[in-house]
């Protein structure tokens, strides 16, 4: 039984990159994980991903890039105000302007830089650098 599929996905990606794999297959599939993977793809941390129907549910086939150093889920999902991102950047990212924090806002799931530009707060979901 999986308690947090998103955390399991991010750990699988991180471990696969560490051992030098170029592709992983992951199950289960969810809307949150799809959006997080699309953000990681836009930022260049994942080369590509696709959802494949295997008859019992869907699976992800994720092509990895060598750019990812670390990624992980943020547990518990801390709330953050629109002007409180600096504290969390210091905690989860190694340097200013390096890496991304994924945030769930009222306008959807986005990076922390997009949330700062749109002046939105929300809940912290994951980080990658």
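Observations on the model:
- Test: residue in segment 99-116 that is farther than 22 Å from residue 7 by Cβ, at pLDDT below 95 and out of contact with any helix residue (DSSP H, G or I) (no Cβ under 7 Å at 6 or more places or on another chain): no
- Entirely in segment 27-127, the helices (runs of 4 or more DSSP H) that have 3 or more residues that are more than 25 Å from residue 17 (Cα to Cα): 85-92, 112-117
- Every test in (1) at pLDDT 95 or above; (2) touching a strand residue (DSSP E or B) at 6+ places or on another chain (Cβ under 9 Å) is passed by residue 28 save one, and that test is (1).
- Among the conditions (1) surrounded by fewer than 14 Cβ atoms within 10 Å (Cβ to Cβ); (2) touching a helix residue (DSSP H, G or I) at 6+ places or on another chain (Cβ under 9 Å), residue 26 misses just one, which is (1).
- Residue within segment 61-72 that is at pLDDT 95 or above, more than 13 Å from the chain's Cα centre (by Cα) and over 18 Å from residue 10 (Cβ atoms) present: no
- Within the span defined as segment 61-82, every residue fails to be farther than 16 Å from residue 126 by Cα and free of Cβ contacts under 8 Å to residues at least 12 places away in the same chain.
The values are calculated or read from the model by the stated rules, or taken from the named source; none is laboratory data. Note that the coordinates shown come from a computational prediction; the quantities given were computed from them, not determined experimentally. Neighbour counts are summed over all protein chains in view; Cβ atoms, including those assigned to glycine, are modelled from backbone coordinates with ideal geometry.
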